[in-house]
Amino acid sequence: MTRRDPAAIAGFAVALGLAGGLTLAGCGEATGAAPAGLPTSATGVRVAGAWIRPTPPITNVAAFYLRVENGGSDADRVVAASSPRCAEIEIHQTTTVDGVASMSLASDEQLSVEPGHDLVFEPNGLHVMCLGLDEPVVEGEAVPLTVQLEIAGSLTVDAVAENR
Amino acid sequence: MTDLMPPRSSGDPGPDANDGPSGRRRFNDGPSGRRRFTVALGVVAVAAVGVVAALAVVSSLRPHLYTGTVLQGDEPAPSLAELAYGDGTPVDLADFDGEVVLVFFGYTNCPDVCPTTMADAAAAVGLLDDGDAERTNLVMVSVDPDRDDAAKVGEYVGFFDPGFRGASGPVEAIDRAASAYGVFYQLNEPEADGSYLVDHTGTLMGIGPDGSVRVIWSSDVGPEALAADIAALLS
Amino acid sequence: MFEPIQVLPRIRLAPGYGLTADDGSFVSSETARGAVTLYSFAPTDCGDECAEMFTTLATVQERIDEEVDLGDTDFRIVTIALDGVADPGALAAAAEQSGADGTNWRWYGADEDTTRTVVAAGFRRWYERADDGSIDFDRAMVLVDGNGLIRGEYRYQTLAADHEKFVRHAGILADEIRNADGATALAYEAAHLFLCYP
């Protein structure tokens, strides 16, 4: 089929949203205390539950999933992420309507996290997309991931490679 | 141009699918010699209705409510014969007679939906008992033949479950197969490094033991629900 | 009085497609997801021989708007051009000629190959270009639900007399959509399993 320009893709995503009430991985209620040892920003924001799916040897893309917990008193926003294993990282939103998958760059609004809330990155929703993966992710290994927030700054965690 | 036009059937486009029983042929009140035969048939029919009703009651005690959307059509699933596996063998759905085949359209540079769906499908197979697992197959068709040949798709899905198979083919053949399975896809504009994403319908189609498409699942169905539906299809 | 739940059969998958609409936008089977769509098929230059069918479509649109409660679900009519026309201007002219309102009733088109894949192979509607360049075709309609499944296939002849059947079928679909969640969902799924068809 034909290549579409980005504007058309955005239109496509909007149309999907209108068509069936799009599912957004959103901000849930905070899930309480996470295990000690997770890096927490001075403003009380931390990254928990980071994981990555082991990848087939022939692909060089992957997705990180995680939870940004805002235990502070100010709203914050995820602005970027990086990993030594990925040439490039983009934060994407998979728009899923009755199983239709369309990906687009996540908007500022989708990446904001209010105080006392979590921003959840999970399969078929928000995900941190790793492009140019250097070598396959093997089950059980730890893949470093740095999440950069507008106010809290950078937080680095190990994403555990597991099949779930 | 490939001719895809179905043959015209003597000017009649076929029975209206929603005409229901009104179009059914009835026994006519023919010669009297037939009357006893008709009565006998009536008795048999009443008995048959009773048995069917009894079966309905029994099975309704524990109906399996599918998580996926169930289709009633019983025609054969759209052919994938224009596509081939990595070893060059054309995809012949008849190979899976009496078994379940999950059909998925995706691509190997897909970061989120495809690996999630394949991992869920593999996990679902893992939840089935050995007999059902043996009779559950998966074919992933690439919607990105420029980057995916069939061998690559096969290797990709094989990572999730060694029994899963990958298929690809000429773009026109993929277009036809995707359309027949209700799948739409489009390539996104490439980035500076030439990489690009593909938007695609992420549903999983389940071909039942009778060879027709029986259930459609959305990509977020999850392993447990998928396994339960597959087991019901095989029972 | 016991009244069994009626459902329209889920006949088969409607085809996936990507086409051009009469306003120049790109439309696909995913654009239609979530809405109930009645597809019809005609050449862009169809005159008198389509007049009755277009009147029927206009009436169906009107009656469903007034009589059928589809809740939040959109009901749309789409006419797919059979003559390989992808030019939005030509599609818009055909739409105006047919009486399409441009919002709930739209014309879609594509090049000849794509049209053939979608209409002949996908929707299985027969058509053929005659020696004089005109197009012979089955006047038929296909009802597709929000999941992309074909729920009704209608030869035009069965609709010509009146619109009752179609409006009734839309109503049955509306009931199913309204009852898709919660306790009644089971009853509707059971109706599918036990084939309570109208």
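The values are calculated or read from the model by the stated rules, or taken from the named source; none is laboratory data. All of these numbers come straight from a predicted model, not from anything done at the bench. Note that each Cβ is placed from the backbone with ideal geometry, even for glycine, and that neighbours are counted across all protein chains shown.
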Go through segment A:33-83 and report how many residues are on the phi > 0 side of the Ramachandran plot and either in a loop (DSSP other than H, G, I, E, B) or within 12 Å of chain B (Cβ to nearest Cβ) (or both). 2
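Can you confirm whether C:THR115 is within 24 Å of B:LEU80 (Cα to Cα) and more than 9 Å from chain B (Cβ to nearest Cβ)? If you could, list the steps in order and put the result at the bottom.
Working: within 24 Å of B:LEU80 (Cα to Cα): yes; more than 9 Å from chain B (Cβ to nearest Cβ): yes.
In short, yes.
Among the helices (runs of 4 or more DSSP H) confined wholly to segment C:101-198, which include 2 or more residues that are at pLDDT 80 or above and aliphatic (A, V, I, L, M)? First the steps, then the outcome.
Working: elements: C:112-115, C:156-160, C:164-178, C:183-193.
Of the helices (runs of 4 or more DSSP H) lying wholly inside segment C:101-198, those with at least 2 residues that are at pLDDT 80 or above and aliphatic (A, V, I, L, M) span C:164-178.
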Hey, can you tell me all the residues within segment A:84-104 that are at pLDDT below 95, in a loop (DSSP other than H, G, I, E, B) and either under 16 Å from the mean Cα position of the chain (by Cα) or not small (Gly, Ala, Ser) (or both)? A:ASP98
What number goes with the only condition from (1) under 23 Å from C:TYR154 (Cα atoms); (2) surrounded by 20 or more Cβ atoms within 10 Å (Cβ to Cβ) that C:VAL85 does not pass? (1)
Determine if segment B:91-100 includes at least one residue that is in a loop (DSSP other than H, G, I, E, B), within 14 Å of chain A (Cβ to nearest Cβ) and surrounded by fewer than 23 Cβ atoms within 10 Å (Cβ to Cβ). no
Test: A:SER107 is in a strand (DSSP E or B), without any contact (Cβ under 8 Å) to a residue 40 or more places away in the chain and either more than 9 Å from chain B (Cβ to nearest Cβ) or aromatic (Phe, Trp, Tyr) (or both): no
Subset of segment B:184-216 [farther than 23 Å from B:LEU93 by Cα and facing chain A (nearest Cβ under 7 Å)]: B:GLN186, B:LEU187, B:ASN188, B:GLU189, B:SER195, B:LEU197, B:ASP199
